[in-house]
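Computed from the coordinates by the stated procedures, all read-outs in this text should not be read as laboratory data. Owing to the predicted nature of the structure, the values given are computational and were not obtained by experimental measurement. Cβ sites come from the backbone with ideal geometry, for glycine too, and all protein chains shown count toward neighbours.
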Amino acid sequence: MTHSAQGAPLLSVEGLVAGYGSVEVLHEVSLEVREGEIVTLIGGNGAGKSTTLMCISGIVPVRGGEIRFAGERICSAEGGVRADRLVGRGLVQVPEGRRIFPRMTVLENLMMGAYGRDDRDGIARDLEQVYTLFDILRTRSGQLGGTLSGGEQQMLAIGRAILSKPRLLMMDEPSMGIAPLLVARIFEAVRELNRTGLTILLVEQNARAALKLAHRGYVLETGRVILADDASRLLVDPRVREAYLGEA
Amino acid sequence: MSIATGRGFSLFSRGQLAVLALLAATPLIDLAFPSLQLSAPMRTVVTSAIMALGLNIVVGWTGLLNLGIAAFAAIGAYAFGILTCEIYPFQVGFWWGVVLAGAFGAFGGWLLGAPTLRLRGDYLAIVTLGFGEIVQDGLKNLEAITKGTQGINPLPAPSLGGMPFSGETPVRWFYVYLAFLAVIVFLCRNLEFSRLGRQWFAVREDELAARCMAIEPDKAKLKAFAIGAALAAIAGALGASLLSSTGEPANYDFQVSILALCIVIVGGIGSITGILVGAIVMVGLNNVVLPIATQAMQRAGIGSTGNVLSSPDNYKYLIFGLALVLMMRYRPDGIVHSRKAVRK
Amino acid sequence: MTETEVFMQQVIYGLSNGMIIAMVALGYTMVYGIVELINFAHGDVFTLGGFLALTIVGALGAAAVLDPGTLGEGSHWLLLFGLVIGAGLFCGGLNVAIDRIVYKPLRRAPKLTQLVAAIGVSFILVNLALFWGGAPMEVFGGGNAAAASKDFPELLEGSNLLGEESNVVLRLEDLAIFIVTIPLMVGLTLFVKKTRLGRGMRATAQNPIAAKLMGIDTDRVIAATFMIGGFLGGAASVMWSVYNNTISFQMGFRAGMDAFTAAVLGGIGSLPGAMIGGVLIGLIRAMSDQYIETRWTNVVVFGVLILILVFRPSGLLGLKQREKV
Ligand SMILES: Nc1ncnc2c1ncn2[C@@H]1O[C@H](COP(=O)(O)OP(=O)(O)OP(=O)(O)O)[C@@H](O)[C@H]1O
Ligand SMILES: [Mg+2]
C-alpha cells in the first residue's frame, strides 16, 4: 500500500472518554485521520469501536477529551456541534447494522442522504456515481429498503452516505454478515472512493482485509488504543497476527 | 426484613406494623376531634389500600400497567350486592359475600388477562382501560340485574357472632376492615417472597431471561392479574357494604383506577408499606383535606360559590395529574422505594 | 322514512363524525409513530381547543354571531376558518409545550413511565378545562357550574342541502366538516411526502439514529410532529363543537378513546390508516346507535378496540412489526 495522499489531519480524537450509564466504555482513546487516508480501527467484540464512531458523529455524548474535525473542535465534555450539523460539514457515517429506512424505497433512502443539500445538480451527479458504483441499486430503486438483502442494504447504506457528500466517511463493519464475494466488492468500492479523494475511517472485525486496504490502523482493546501503526506493519505484527488474524 | 431471613417469625415488617398501628390509632383522633369525622374516610383509606395492594401486584411486582382496576372493584361490589341483597334469592351474608366477590374478581381478572397478557405494555394498558369502560357501561345498561344507576341496596354490614355493626358503631366497623387489611398485607408480604413473587419480579425485569429460567411468563402474569383483581374486588365489596349500596356504576370510573394508580406510584411502586402510606396520603387529601378546606373556605366566605377556583374540591384532577407527572419525572420508583435504593 | 333512507342518514352521520375522529386519530398516530408514546393527553388538548373556540365566539359577542344579519352570509364561514386556525395553532403550541416540559425529559425512560406521565398531563388538562368552564363569561352561561356542559352556538344554519322534501338530511355542518377536514388531510399527506421536514418525520419515525446521521434535527422534527398533531386536534375540536353544539370539560376522554381506537384500527403509525380508521369508527358508532342502541355504542367501540389489539395489533394497514435493527 502506497502512502500516496497524506495531508493535514482531518479528524483528530484526543483522550476521548465515553460510556453508557455508569459504565465507562472508552478510556482516553486518541486517533487521527489525515486528508486522503484510509485508516482502519480494528478490535474485538465490545472493544468500543462503534462507540468511538458514535461519539465522533455526536450521537453518544462525550465525557472527556475532545474531537476536532477540519481544525475545529466539534465534541468535548462541554458540548459540541449538534449531530445534525456535523453531516453538513462532511462528517458522515455508515452505521453498524446499516440502519436503512425500511419503509422507504431505495431511491427515497438514497435521497435521505441528501437531506440537508440543495444543490440539485450535485445531488444528481452523486446519485449517478452511486448507481455506477452499485448497479443493483439502480435496478432496485423502487423497492422498499426493508425488503433488500443484507448485502444490498449495506450497499444502500454506503450509497446513502455518499449522497451526504462526505469529506470523511466513517464505516462501521461494512463486511458484517455478507458473503466474501460481496465483501470484496464493497472493499473495492471503498478503494475507488478513496481514489477519488475521499478520506475514510473504517471499523472492521475482518482485520486482514481492512489492514490490506488501509494506509494506517489502530487496534482498540477494551476501550484503549493498544497499537497504532502503518497498516502494512500491523499486518505482520505478532500481537495482531495472534489476536486478530487467527495465526499462532 | 423477610420471613426468610431467619430473624424468627414475624407477621409484618416494621414499616407495615407502624402504619397499621397508626391506622389502628385513628379512632383516638376521632375521639379527640369529633368534628373531623375521620371514621368514614378512614374506612375508605382501608378499602383504597386494599385495592391499591391488588393493583400493586400487577403494576409494581409484575410490571404490567392496569388502567382498569376499578372495574374489578365494580365486579366485586356488584357480586357482593347480588349475593347479599334481600331483593335477590342468594342472601349469603356479609362474610360469604366478600369471599365470593373476591372469587368473582379473580375470575374477571383471568377472563381479561388470558387473551390480552401477551400484548405490549402500552397496548395492554389501553385494553385494561377499555375493559374498565365496558364493565361500567355494561353495569349501567343491564338494569334488570344491576338496577342501573340506582345501584343495588340495601346491603348487609359485617356481623360477628350475632353482634351487628351499623352506622352507630363506626369504630367497631373500622376495626373489622382494618383486620381485613392486616390479613391482606400479611398475604401480600408472603406472596412477595414466595416462588410466585420471584417469578413476577423476573418477568418484570426481563421476560426473555425469565423464560430461560423455566418461568412461564404468561402463567405468572395471569396469576398476578387474577390475584390483583381478587383484591380489588374484595375492596369493592367492602366499599359497597360500607355504603349499604353498590352505588351507581359511575362510582367505578377511570378516575378511581387512577386514584389507585396514584396511591401505588406516590407511595412507592412495589412497596407494601409505601402503598399503605400512599393510601393515607391520597385518600386523606381527596376525602379529608379537600372537603375540609372547601367547608372552611365557605364558612370564611372566601370567594363566591360560583367561582371554580375558590373551591379546593375542584383541584382534584390537578393534584392527581401533578402527582403522576412529578413522580414520573423525579422519583419514578416512588417515595419509599427510592429511599431504599439510595440507602443501598 | 324508508329503511334505505334511515341507513343513508346514518352513513352521513357516520362519515361526518368519522372525519372528525380521523383528525384526532392522526395526532395519536403521528406522535406514536415518532416517539412511540400513546399521548394520553391528546384528547384533552382537543377539549381545550373547543373551550378556546367558544371563548373566541363569546368574545365576538354571542348575539352578533348568532344573528346572521350582523355578520352576513360569507362571514360565518370566515369565522369558522378563523376558529379552526386559531384553535389549531393553540392546540399545536400546547402540544409542543407539553412535549418540551414533560415528555422530552422522559424520552429515554421506560415506556410505561412515559405513559403514566401522559395520563398525569391528561388529568391536569381536564382540570384546566374545568377552571376554564367556570370562567365568569357570558357565553358560558354566567352562573352555571364549571362542570356543566356549555352550549356552543349554531354557527352554520341552513336548510337541508338535499332539498326540503328529502327525508335524508344533509346539513351545512356536514358539508363544513368535509370542506375543512379533507384539505387538511390532503395537505398533511403531501407535506409528509413532499417537503423536507415531512421526509425528516418519516425518517425519524423509521429509525431515529439513522435520521440523525442523515443530518436531521430530530428534536425539531419531534416538535413539528406534536405541532401538527395538535393543530389537527384543535381543528377537529372546532368542527366537533360546531357539529354537536355542546362542549364539556370531559369531552376529550371519549373523543380521545374513539380516536385512539381509530388509530389502532388503521394501524398505529400509519397516516392513511388513521384516516380510514376514523371514518370506520364513525360509521360503526352511527350504525350501533341506530341498529343496536345508543347506550351500547361505547361498549361496541371499546369491544372493537380490544378485539383489534388482541387479534390484529398491527391494525388494518399496519406493519407487521416495527423493524428495529
Ligand atoms: N446503547 C448502549 N447502552 C449500554 N451499553 C452499550 C450501548 N452500546 C454499547 N454498549 C456497551 O459498550 C461496549 C462497547 O460497545 P461497542 O458497540 O462500542 O463495541 P464494538 O467495538 O463496536 O463491538 P462490535 O465489534 O461487537 O460491534 C460494550 O460493552 C457494549 O455492551
Ligand atoms: Mg460495533
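For the range C:3-311, which semi-axes, largest first and in whole Å, follow from the square roots of 5 times the eigenvalues of its Cα gyration tensor?
Numbers: eigenvalues 195, 106, 76 Å².
In descending order the semi-axes read 31, 23, 20 Å.
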Legend entry - chain A: relative contact order as a whole-number percent, Cα under 8 Å and 6+ apart: 26 percent
Inset, instruction - Have a look at B:Asn307, B:Asn141, B:Asn287 and tell me which one the Gaussian network model of chain B (Cα, springs below 10 Å) gives the largest fluctuation. - result: B:Asn307
Inset, instruction - Filter the cross-link list A:Lys165/C:Lys104; B:Lys223/C:Lys111; B:Lys316/C:Lys150; A:Lys165/C:Lys194; A:Lys49/A:Lys212; A:Lys165/C:Lys193 down to pairs whose alpha-carbon distance in this structure exceeds 25 Å. - result: A:Lys165/C:Lys104
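Figure the gain on full extension for A:Arg138 and A:Arg120 (residue separation times 0.36 nm, minus the Cα-Cα span) and round it to one decimal in nm.
Working: separation 18, 0.36 × 18 = 6.48 nm, distance 1.85 nm.
Full-extension gain reported as 4.6 nm.
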Inset, instruction - May I ask you to sort A:His215, C:His42 by Cβ crowding, counting other Cβ atoms within 10 Å and putting the fewest first? - result: A:His215, C:His42
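Using the membrane-span-like helix rule (whole DSSP H runs, Cα extent along the own axis of at least 18 Å, mean Kyte-Doolittle hydropathy at least -1.0), which helices of chain C qualify? The partial results should precede the final answer.
On the way: long enough: C:3-35 (46 Å, 1.07); C:42-59 (26 Å, 1.32); C:73-98 (38 Å, 1.45); C:111-133 (33 Å, 1.63); C:172-194 (33 Å, 1.57); C:218-244 (38 Å, 0.88); C:251-266 (23 Å, 0.92); C:271-287 (24 Å, 1.69); C:297-311 (21 Å, 2.83).
TM-like helix candidates: C:3-35, C:42-59, C:73-98, C:111-133, C:172-194, C:218-244, C:251-266, C:271-287, C:297-311.
Taking loop as defined by DSSP and a crowding limit of 15 other beta carbons within 10 Å, which trypsin sites (Lys or Arg not before Pro) in the range B:1-94 fit?
Details: sites: B:Arg7, B:Arg14, B:Arg43; in loops: B:Arg7.
For trypsin sites (Lys or Arg not before Pro) across the range B:1-94 that sit outside H, G, I, E and B with at most 15 neighbouring Cβ atoms in 10 Å, the list reads B:Arg7.
Let me confirm one metric for peptide B:57-69, namely the mean number of other chain beta-carbon atoms within 10 Å of its residues' beta-carbons. Provide the component values of the computation, followed by the final result.
Details: counts 0, 0, 2, 0, 0, 0, 2, 1, 6, 0, 4, 0, 0.
Partner Cβ neighbours, averaged per residue: 1.
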Inset, instruction - Go ahead and estimate [θ] at 222 nm for chain C from helices alone: -39,500 (n - 2.57) per DSSP H run with n ≥ 4, summed, over the residue count, rounded to 500. - result: -23000 deg cm²/dmol
Legend entry - Per-residue ³J(HN,Hα) for the range C:146-162, Karplus 6.51 cos²θ - 1.76 cosθ + 1.60, θ = phi - 60°, Hz, x for Gly and Pro: 4, 7, 5, 5, 10, 6, 9, x, 6, 7, 10, 9, x, 7, 4, 5, 8
Inset, instruction - Pull out the extension gain between B:Ser35 and B:Glu205, defined as 0.36 nm times the separation in residues minus the alpha carbon to alpha carbon distance; nm, one decimal. - result: 56.4 nm
Inset, instruction - Using amide H atoms built 1.01 Å from N in the peptide plane, name the residues 5+ places from A:Val225, or on other chains, whose amide H lies under 5 Å from its own. - result: A:Ser30
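Going through the DSSP H helices of chain B, which span 20 Å or more along their own axis at the Cα atoms while scoring at least 0.5 as a mean Kyte-Doolittle hydropathy? Intermediate results must be reported in sequence, preceding the final value.
Numbers: long enough: B:14-32 (27 Å, 1.38); B:39-56 (25 Å, 0.93); B:69-84 (23 Å, 1.93); B:94-116 (33 Å, 1.22); B:121-141 (30 Å, 0.40); B:170-192 (32 Å, 1.30); B:217-243 (39 Å, 1.11); B:316-330 (21 Å, 1.39).
In chain B, the long hydrophobic H runs are B:14-32, B:39-56, B:69-84, B:94-116, B:170-192, B:217-243, B:316-330.
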Legend entry - Cross-link partners of B:Lys140 among aspartates and glutamates (Cα-Cα below 19 Å; sequence separation of 8 or more within a chain): B:Glu248, B:Asp253, C:Asp289, C:Glu293
Legend entry - Radius ratio Rg over Rh of the range B:24-133, counting only Cα atoms, Kirkwood formula for Rh: 1.08
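If we count other beta carbons within 10 Å of each Cβ, what is the order of B:Met42, C:Met1, fewest first?
C:Met1, B:Met42
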Legend entry - C:Met137-B:Leu160 pseudo-label distance in nm [points 7 Å out on the Cα-to-Cβ vector]: 5.7 nm
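What does the charge dipole of the protein assembly as shown about its Cα centre add up to, to the nearest 20 debye, if the Cβ of each Lys and Arg holds +1 and the Cβ of each Asp and Glu holds -1? List each step's numbers first, then the result.
Working: 74 positive and 68 negative charges, 566 e Å.
Dipole about the Cα centre, nearest 20: 2720 debye.
May I ask you to order B:65-73, C:198-206 by the average number of other C-beta atoms within 10 Å around their residues, highest value first? Let's see the in-between values first.
Values: B:65-73: 30.8, C:198-206: 23.6.
Packing proxy ranking, top to bottom: B:65-73, C:198-206.
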Legend entry - All-pairs alpha carbon distance profile, the range B:59-102, 5 Å steps from 0, percent: 6, 24, 21, 15, 12, 10, 7, 4, 0
Legend entry - Percent of beta bridges antiparallel (DSSP, the protein assembly as shown, rounded to nearest 5): 60 percent
Inset, instruction - For chain A, list log₁₀ I(q)/I(0) at each q in 0.15 Å⁻¹, using the Debye formula over Cα point scatterers of equal strength and ignoring solvent, two decimals each. - result: -1.06
Inset, instruction - Show the residues, 5+ positions off or on another chain, whose built amide H is closer than 5 Å to the amide H of B:Ser311. - result: none
Inset, instruction - Compare the peptides B:117-129, C:146-158 by average per-residue count of other Cβ atoms within 10 angstrom and give them in order, highest first. - result: B:117-129, C:146-158
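Could you tell me the ratio Rg/Rh of the range C:88-212? Both radii from Cα atoms, Rh via Kirkwood. Please list the in-between numbers first.
On the way: Rg = 21.2 Å, Rh = 19.3 Å.
Checking Rg against Rh, the ratio lands at 1.10.
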Legend entry - FRET efficiency estimate (nearest 0.05) - Cβ-Cβ, C:Leu307 to A:Asn45, R0 60 angstrom: 0.85
Inset, instruction - Rank-order C:235-248, B:317-330 by packing density, defined as the average count of other C-beta atoms within 10 Å over each peptide's residues, highest first. - result: C:235-248, B:317-330
Legend entry - Per-residue mean of C-beta atoms belonging to partner chains within 10 Å, peptide C:291-302: 3
Inset, instruction - Report, to two decimal places, the Cα Rg of the protein assembly as shown normalised by 2.2 N^0.38 Å (N = number of residues). - result: 1.09
Inset, instruction - Provide the per-residue ³J(HN,Hα) series for the range A:53-61, in order, calculated from phi with Karplus coefficients 6.51, -1.76, 1.60 and θ = phi - 60°, each as a whole number of Hz, with x at glycine and proline positions. - result: 5, 5, 5, 4, 7, x, 8, 8, x
Inset, instruction - Output ³J(HN,Hα) for the range A:16-32: one whole-Hz value per residue in order, computed from phi by the Karplus curve 6.51 cos²θ - 1.76 cosθ + 1.60 with θ = phi - 60°, and x for Gly and Pro. - result: 5, 10, 7, x, 10, x, 8, 9, 8, 9, 10, 10, 6, 8, 10, 7, 9
Inset, instruction - Partner chain Cβ atoms within 10 Å, averaged over the residues of B:120-133 - can you pull that number for me? - result: 6
Legend entry - Kirkwood-type radius of the range B:2-330, with distances r between different C-alpha atoms, in Å: 20.4 Å
Inset, instruction - Quick one: which residues, 5 or more positions from A:Met171 or on another chain, have an amide H under 5 Å from its amide H? H modelled 1.01 Å from N in the peptide plane, none for Pro or chain starts. - result: A:Val94, A:Leu201, A:Leu202, A:Val203
Inset, instruction - On a 0 to 90° scale, report how tilted helix A:180-195 is relative to the longest principal axis of chain A, with both axes built from alpha carbons and the result rounded to the nearest 10. - result: 90 degrees
